1. Would you please name the residue that is most open to solvent (accessible area, probe 1.4 Å), looking only at residues in the range 168-182 that are among the small types (Gly, Ala, Ser) and under 20 Å from Val111 (Cα atoms)?
2. Go through the range 88-120 and count every residue that is closer than 21 Å to Ser352 by Cα and part of a strand (DSSP E or B).
3. Of the residues that sit in the range 402-421 and are open to solvent by less than 40 Å² (accessible area, probe 1.4 Å) and not in a strand (DSSP E or B), which one is farthest from Thr304 (Cα to Cα)?
4. What number of residues within the range 1-36 are part of a loop (DSSP other than H, G, I, E, B), modelled with pLDDT of 90 or more and out of contact with any Ser or Thr (no Cβ under 9 Å at 6 or more places or on another chain)?
5. Under the condition of being among the polar types (S, T, N, Q) and closer than 14 Å to Val113 by Cα, which residue from the range 132-167 is surrounded by the fewest Cβ atoms within 10 Å (Cβ to Cβ)?
6. For the list (1) modelled with pLDDT of 95 or more; (2) touching a Ser or Thr at 6+ places or on another chain (Cβ under 7 Å), I need the number of the one condition that Phe170 fails.
7. Go through the range 121-131 residue by residue and tally those that are more than 24 Å from Ser280 (Cβ to Cβ) and either open to solvent by 20 Å² or more (accessible area, probe 1.4 Å) or not in a helix (DSSP H, G or I) (or both).
Amino acid sequence: MSGTYLGMPAFPEAARTAVRDTTLRGNLRHATHTIRDKRARAVAELDDWAQLREAGKQIKDHTLRHLDRYLVQVEEAVTAAGGTVHWAADADEANEIVTRLVEETGEREVVKVKSMATQEIALNEALEARGIHAYETDLAELIVQLGKDRPSHILVPAIHRNRGEIRDIFRSEMGAWGRPAPEGLTDTPAELAEAARLHLREKFLRAKVGISGANFMVAETGTLVVVESEGNGRMCLTLPETLISVVGIEKIVPRWQDLEVFLQTLPRSSTAERMNPYTSMWTGTTDEDGPQTFHLVLLDNGRTDTLADEVGRQALRCIRCSACLNVCPVYERAGGHAYGSVYPGPIGAILSPQLRGTGSEIDASLPYASSLCGACYEVCPVAIDIPEVLVHLRERVVQGGPAVREGNKVVLKPAKGHAAERAAMRAARWAFTRPGVLRSGQRLASGTRRLHPRTLPGPGRAWSGTRDLPAVPAEPFRDWWQRTRGGKDEVE
């Protein structure tokens, strides 16, 4: 299980379909503009935001450089606190571990806290195949699950739905999953939230097993941290008798005091709040308080391979705030489903091809799902240079080259369909390394500029159909410099 949505086409085809959906585009435009405007105001309140951003980057980079040591420290701390640690190399192994742990309890249903890691490995489907029902308790995840849909946003999985659609889903589907929607349910937010609360309440009180992820793991204490805004996470983390947490190995922070940075940057970047309404922390088990059995499943699933890439590894800094999605012009128009992964938007465009490789058509297309405008880098609270990684991955797709897959050094072949791009890049490299050829080419382009078309022919028509071709200047810069200054500085 790789986390790819089965049957999904490559990004260009999926996006082409998505942009024709006017309802989807309206939902996305309203939601992303609202969230990013609120985030900008929340961030502006902090005079030291730039310093916090840099601190978060440094903490994450330090942790990734010493991840082997901190992972062992986490295992020792969690075990000493009464928990049990399991190691999962990939999605299949993680699903088998979790399914076995649930079966050992004798239970046939679990309640879940919103978790990107469990979506990544398709845990719900794996549990369902063994006759175990997994109930999502986050409101947006509940909407997606009831609607037999897929998440389209990291923070707001049902961002592609409007209130009327949610009302219709509740009316038609809630009864099959438990308590039905109230009679005469309208699309007002208060009524929709109350319907979800009543529906979920019985599941919270009945469930004996809870499944979660974690936003952070503290190496020195073995503490796991979940931040959320609805309180469903608190219910899932405290009421069940058994708690199973599936957490990516990159979620570690070394010290307790490191949380001070991220508990400021994460809520402001994600929900535009000064702090999350619910911040739950637990360390192993405690007699007569909370779950009496705790299992931590540490998930690799391509993260070690990503760590081996000196440029791409910065994607592992991600704290899943979703700020990059909300400012991305491509995501705003295409939506999350077009990315074919639980990680949509700019971060998904660099994370998914590294976790899964670029062998499939959709993963090879994701590094191109960007205008390279750089807005994602500007808002990232841990300063991931997403445009840099996108260009790096585009080079890997076009040229192939050395990489690490499943822990082994391999040489990737160039992806199909990029022969023209490869030839163009080689021609550009040849010209740029020969000043005389470059100068002659620039003069030829300037001399024939009146003959240049306003649009490109053939496949290039799609590019120039929505933008103007840059006008070629009357003379190359070098000629202008030589003519106006004689190649000399004004200051002697």
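The values are calculated or read from the model by the stated rules, or taken from the named source; none is laboratory data. Treat the numbers as computed from the prediction; the structure is a model and nothing was measured. Ideal geometry is used to build each Cβ from the backbone, glycine not excepted, and the neighbour counts take in all protein chains shown. Surface accessibility is based on the protein's heavy atoms, side chains included, excluding ligands, DNA and RNA. Shrake-Rupley method; radii C 1.70, N 1.55, O 1.52, S 1.80 Å.
1. Ala176
2. 1
3. His418
4. Residues meeting the conditions: 3.
5. Once the filter is applied, the top-ranked residue is Gln145.
6. With respect to (1) modelled with pLDDT of 95 or more; (2) touching a Ser or Thr at 6+ places or on another chain (Cβ under 7 Å), Phe170 is out only on (2).
7. 6
For (1) in contact with a Gly (Cβ under 8 Å, 6 or more places away or on another chain); (2) of a type in the set (Gly, Ala, Ser); (3) at negative phi, each residue gets a yes or a no:
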{"residue": "Arg161", "(1), (2), (3)": "yes, no, yes"}
{"residue": "Glu173", "(1), (2), (3)": "yes, no, yes"}
{"residue": "Gly178", "(1), (2), (3)": "no, yes, no"}
{"residue": "Pro182", "(1), (2), (3)": "no, no, yes"}
{"residue": "Pro189", "(1), (2), (3)": "no, no, yes"}
{"residue": "Leu192", "(1), (2), (3)": "no, no, yes"}
{"residue": "Ala195", "(1), (2), (3)": "no, yes, yes"}
